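Report on one structure; see the data block that follows.
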Amino acid sequence: MSVIIGYQTQDFLVLAGDKRCTDVNGNLKNDNLNKIMEINEHLAIAISGNLLFPLALRSKLNEVKDTSNLVIEDIIKIVIDFYNDMKINNNEFVELPACFIIGGKARNCMYGMCAFVGNKGNINPIETERAIFPPMDMKPQECQDILVKHIEFNPNDFYIHTIKEVANKSKLVSPTGNVWIFNLKTKKGKLQHF
């Protein structure tokens, strides 16, 4: 599992992640995996861990005729339904954890973020203003400290500095990544690469 970040300020929501893909043993598969998926102009998701989920989510979204009105709760439901389908079919992938940060518009027309770990089908989304899911070879507190440091000292591009510092300490993280920045004033997001 690599690193994904979510952070909300008064003006912006930010979801970011590195681009490294490894297998369950930490062996490098590639350095070009997009862990941030823009759902529509007001909603995005960051996913790390079990890579079956980005594929499944894209597949489920292809079944939706109009994704422009999807909100945070809709994505949570898709993830829960997918886990339930995997449990019913006794799919071994349900045993592999995945981490999720969803940012953007909620059903109540407010904007925010929620984060959760899908582990053996158990999901408990929590509203948050800051989240970081660390790589398996680093302690969560160490990654949290790195994030907080860069929010304070590099507020305009904290996500780049955070991911690069984590990449220097973890073989599971690449120094390049994607970021989705949602402007809370214009109500529009933009996916970018760094």
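The values are calculated or read from the model by the stated rules, or taken from the named source; none is laboratory data. Quick caveat: nothing in here was measured; it's all calculated off a predicted structure. When we count neighbours, we look across all protein chains shown, and the Cβ atoms used for this are built from the backbone with ideal geometry, even at glycine.
Check whether at least one residue in the range 91-108 is farther than 17 Å from I181 by Cα, β-branched (V, I, T) and free of Cβ contacts under 8 Å to residues at least 12 places away in the same chain, and report yes or no.
no
With the requirement that a residue be free of Cβ contacts under 8 Å to residues at least 60 places away in the same chain and surrounded by 20 or more Cβ atoms within 10 Å (Cβ to Cβ), what does the range 126-149 give you?
I146
Check whether at least one residue in the range 92-106 is among the charged types (D, E, K, R), surrounded by fewer than 17 Cβ atoms within 10 Å (Cβ to Cβ) and touching a strand residue (DSSP E or B) at 6+ places or on another chain (Cβ under 9 Å), and report yes or no.
yes
Go through the range 1-105 and tell me which strands (runs of 3 or more DSSP E), entirely inside it, have 2 or more residues that are closer than 19 Å to F133 by Cα and either at pLDDT 85 or above or not charged (D, E, K, R) (or both).
In the range 1-105, the matching strands (runs of 3 or more DSSP E) lie at 4-8, 12-18, 36-40, 43-49, 98-105.
What number of residues within the range 69-91 satisfy the criterion of being surrounded by 22 or more Cβ atoms within 10 Å (Cβ to Cβ) and under 16 Å from L15 (Cα atoms)?
Here the count works out to 2.
Kindly provide the set of residues from the range 56-79 that are acidic (D, E) and over 18 Å from F100 (Cβ atoms), ordered by number.
E63, D66
Return yes when N62 is surrounded by fewer than 18 Cβ atoms within 10 Å (Cβ to Cβ), touching a Cys at 6+ places or on another chain (Cβ under 8 Å), free of Cβ contacts under 8 Å to residues at least 12 places away in the same chain and over 26 Å from K120 (Cβ atoms) and no when it is not.
Answer is no for this residue.
Mind checking which residues of the range 41-62 are touching a strand residue (DSSP E or B) at 6+ places or on another chain (Cβ under 8 Å) and more than 22 Å from E92 (Cβ to Cβ)?
Across the range 41-62, the qualifying residues are E41, H42, L43, A44, I45, A46, L61.
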